Amino acid sequence: MPQPEPKRSRVRDLLTKPIRLPQWFAAPRSPDEPRIFQFNDERDLVVSEVAARVVGQCLGDQLEVLLNESAHKEIERLEKQRDDEAREWLGFWQTVVRKLARMNEAERRETLRQIVESMARDVAGNFDPRVYRFAQRVIPGLIAGVMNPKQLTRDAIGGKVGAERLVTLTGHLDELAALAKVGTIIVVPTHSSNLDSLAIGESLARKDLPPVVYGAGKNLFTNPIISFFMHNLGAYRIDRRIKSQIYKDVLKTYSAVMIERGYHSLFFPGGTRSRSGMIENRLKLGLAGTAIEAYARNAIRARHRGERPAPIFFVPVTINYALVLEAESLIEDHLKESGQARYIIEDDEFSQIDRWLTFFKRLISYGGACVLRYGRAIDPFGNYVDEQGRSLAPDGRVIDPVSYVSRRGEPCLDPARDAAYTRALGVTLVEHYRRETVIMTTQLVGHVLFRKLVMETPGVDLFGRVRRRGEISWAFEDYVRVYSETRDRLRQLARAGQIHVNSYVETYSAERAFERATDIWDGYHSKTVAHLDGGQIVLDDPGLLLYYQNRLVPFAEAIAGQHEQRAAREIAALAGAGR
Amino acid sequence: MTETPSRPPVAVLGAGRFGVALTRAAARTGEVLVWSRRELGFDSPNVRVTNDFAELASAELILLAVPSRHAAQILEAAGHHLDGGNLIVHVSRGLLDSSEHPADQELRTMSHLIRTATACRRVGALAGPISAEILSSAMPGAGVVGSEFPEVVEAVRGAIGGPTLRIYASDDLRGVELAAALTGLLLFTIGFATSPRVGGNLGPATIGALATRGVAEVARIGRALGARVETFAGLACFGDLFAAVAGSDRPELELGRAIAEGATPSAALERAGGNIEGIEVARRVAEFGKRRKIRTPLADVISELITGRLTAEDAVRELMVRDVGNE
């Protein structure tokens, strides 16, 4: 069946199609360069492998059902969309529906191949080393420079770049260089903001680690400048509006093929940004789950060659912000019951340039407002790995990860088994996230204030509580006492290795912590979160207090005193309320 | 001679009454390696006894049949020799001891311990009305294996399943484990209610009511811990319960009868004998319910009864005067 000829429009192409630089002045290849630098040469191979695999998986009657279901879902979507894509593709899908019943097996397969190839091409990313090097050198300074030129000059003299002031890196980042050489790294961070992927990308670049490929929602590609960078830095496009099974299979297969081929990847296993501000407590893993199938396939291939497969490492990362760019939209969405299923918030702070400017200004002048903590790397089966990338049993013994995908000594494919491993990995990652969380001042101040609100409003539900704007006030001296006690308990948890605290939480007094928190909130959020009025703290915005304190939900009972236990239990119960 | 020589050796960890019965059943299908500290003799040429944990590595399926309180120590020692290729299925009817981690108030099951103490991930639980007699003498019966990994169920079927024992599969491991552990509470209740002393006031209808409401209670707890409610309507809970009503010899029944007859808790435990894994969880379940706002009337009453804070007569009254809600 003929595919639609794209209608030509130079202006539209510039706005919607990824812009790539011509290859005239491309630098010669170096043998040490990361795998991703050669991605463009392999691109067609990846696309055809994805197509072959997806087509190969669907046989017989199942194929007809799949095509029929996909066609109807696509027609429904395109009819609603009524844009250029709809004009190009609607006819194609309608023809599929009309002719499907009369197609023979070969024709159905050919139709599927066409669909899959076109989808895979749309998904596939691009990587231009020149854009990467440009971004690596210029962007961090540029952000700082635009926000605060005077600071840039001072930083330049002191040898610091802007991003280092914005983002503090901690944890097991130094081990990654060695692991990246022997295997494939899959970075799996917590997700609170659209800035997360930039923060991860920057942190890897700062440590001279190879860049990662990642899937980004197509909505992020609408801005041509962001689209240019994303598209040339290995991002592949995910269109969340497409609901057809074929597209889901293409995405899964694409990510599996990329992992199999050794491309370091980035996935947000929580799926979308945490609406509530909580650390993810249930992970579906989604595309990251394809790593286990990828590993099994590599193990089978390696066995045939008499070799060992390259290992795959999962690296849990927590991204901890003192201030979250999209906090107001996210918590509002969380509190709307119907909103929780929405994946895309079209008009949040991420798309408003003035909010960006205020946000970064606040962050730059604040210092240490974002902490990225890299956890220890684990294999896909939840075992820690040593510095050489070998899997370790709980007793520290080196074990062979191929044993997990083998039956009676032979590696094999088994989707049910891999789904079970994926679920178990989700549980393991949640435990890692919890331990690797870094508590920021705004979160602890938010928690202590919100807990007070809960104590003052017995029997009121969450929705009732967040409506109590400015109604509750609290003597500052009482806050000081309670904050100090709570912080001390939190420190004990930190010493026991159950959590981490930011250096400001560690060293600042209750008074200074309150000042620091309200200072950063006031400079950015459109509403006052809390303020001091004649020796009384007034809780102005319970919604935002809830958002920031939610990070502490899993620890609420452990850091509460006798008197606060009841409220702490209510807060701990929020964990069941979802994302 | 083995009937199916292709099956890889099965290991049985622990040679208590149930471990021995599992060994006998597995010896009918192929080679079995029994780990035990004691010297043991089996009349089958397929059975070999060892006290060396290193030998376990050669088995694909390992059946764990040690009391919960010894499991941590044994798994740690065995774990030195195991990897991702070993499948472990336990038969525990208890929950993990929380005394080592008092702050940890979660009701944790044996699979959690297996996953943390060893490198094994393909884990399962065998439960249901399977008694040592059914296994040893090949009487017709059925059990359920809870595991998310189909190969684990397949391996158990290959080892002990057959024309007399049907092994059903459930992918709700959590549910099967919790059902196996919490059914102990219901068995205690049935033992208690069928005792001639209490039974003067309680007829079969009372027992029917107690048992059914009991299943609803343990299913509520299971759901709060991520299990599926349907699992409690299966072999792991209802199956065990029916067997008890029909006269099985589970020690929890005897414990219930002894308490009903006014024995002190320690004397009752002695009279019931055996390793009663399920009953010590009553207190923890009651506490868990309180913390998570789940109604657990049976667990509340049992924990009071076995600590001697409530008499048999008071217990019945306590259960009957509560508010009645929807089923």
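The values are calculated or read from the model by the stated rules, or taken from the named source; none is laboratory data. Note that the structure is predicted; figures quoted are calculated from it, not measured. Reconstructed Cβ throughout: ideal geometry from the backbone, glycine too, with neighbour counts over all protein chains shown.
One table, with the values for the structure above:
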| read-out | value |
| --- | --- |
| Single residue of region A:387-401 satisfying the filter (surrounded by 15 or more Cβ atoms within 10 Å (Cβ to Cβ) and under 29 Å from the mean Cα position of the chain (by Cα)) that is farthest from the other protein chains (Cβ to nearest Cβ) | A:Gly389 |
| Residues of region B:160-186 satisfying the condition of being assigned to a helix (DSSP H, G or I) and either of a type in the set (S, T, N, Q) or within 14 Å of another protein chain (Cβ to nearest Cβ) (or both) | B:Leu173, B:Arg174, B:Thr183 |
| Qualifying positions in region B:66-82 - more than 8 Å from every other protein chain (Cβ to nearest Cβ), surrounded by fewer than 23 Cβ atoms within 10 Å (Cβ to Cβ) and within 21 Å of B:Pro8 (Cα to Cα) | B:His81 |
| In region B:83-109, the residues that are at pLDDT 65 or above, assigned to a loop (DSSP other than H, G, I, E, B) and within 14 Å of chain A (Cβ to nearest Cβ) | B:Asp83, B:Gly84, B:Gly85, B:Asn86, B:Glu106, B:Arg108, B:Thr109 |
| Failed item, numbered, when A:Gly217 is tested on (1) in contact with a helix residue (DSSP H, G or I) (Cβ under 8 Å, 6 or more places away or on another chain); (2) modelled with pLDDT of 75 or more; (3) surrounded by fewer than 22 Cβ atoms within 10 Å (Cβ to Cβ) | (1) |
| All positions within region A:301-323 that are among the aliphatic types (A, V, I, L, M) and under 19 Å from A:Val182 (Cβ atoms) | A:Ala302, A:Ala310, A:Ile312, A:Val315 |
| Matching entry among A:Tyr433, A:Tyr404, A:Tyr366, A:Tyr421 (being buried (at least 22 other Cβ atoms within 10 Å of the Cβ), among the hydroxyl-bearing types (Ser, Thr, Tyr) and away from every other protein chain (no Cβ under 13 Å)) | A:Tyr433 |
| In region B:315-324, residue nearest to B:Ala263 (Cα to Cα) [restricted to those that are part of a helix (DSSP H, G or I) and of a type in the set (A, V, I, L, M)] | B:Ala315 |
| B:Glu133 being in a helix (DSSP H, G or I), within 11 Å of another protein chain (Cβ to nearest Cβ) and acidic (Asp, Glu) | no |
| Residue in region B:167-177 that is under 30 Å from B:Glu261 (Cα atoms) and either surrounded by fewer than 24 Cβ atoms within 10 Å (Cβ to Cβ) or touching a Leu at 6+ places or on another chain (Cβ under 7 Å) (or both) present | no |
| Output for region A:220-242, where each listed residue is in contact with a Pro (Cβ under 9 Å, 6 or more places away or on another chain) and either surrounded by 18 or more Cβ atoms within 10 Å (Cβ to Cβ) or within 24 Å of A:Ile312 (Cα to Cα) (or both) | A:Phe221, A:Ser227, A:Met230, A:His231, A:Asn232, A:Leu233, A:Gly234, A:Arg237 |
| Complete set of residues in region A:472-495 that are charged (D, E, K, R) and surrounded by fewer than 20 Cβ atoms within 10 Å (Cβ to Cβ) | A:Glu477, A:Asp478, A:Arg481, A:Glu485, A:Asp488, A:Arg489, A:Arg491, A:Arg495 |
| Any pair with Cβ under 9 angstrom, 6 or more apart, that starts in region A:514-532 at a residue that is farther than 19 Å from A:Trp474 by Cβ and ends at one that is part of a loop (DSSP other than H, G, I, E, B) | A:Ile520/A:Ala322; A:Ile520/A:Leu323; A:Ile520/A:Ala369; A:Gly523/A:Leu323; A:Tyr524/A:Leu323; A:Tyr524/A:Leu325; A:His525/A:Leu323; A:His525/A:Asp541 |
| The lone exception for A:Arg469 - which of (1) surrounded by fewer than 17 Cβ atoms within 10 Å (Cβ to Cβ); (2) assigned to a helix (DSSP H, G or I); (3) of a type in the set (Lys, Arg) it fails | (2) |
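Residue-by-condition table, conditions (1) touching a Gly at 6+ places or on another chain (Cβ under 7 Å); (2) in a strand (DSSP E or B); (3) buried (at least 21 other Cβ atoms within 10 Å of the Cβ):
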site	(1), (2), (3)
A:Gly497	no, no, no
A:Glu511	no, no, no
A:Phe514	no, no, yes
A:Asp522	no, no, no
A:His531	no, yes, no
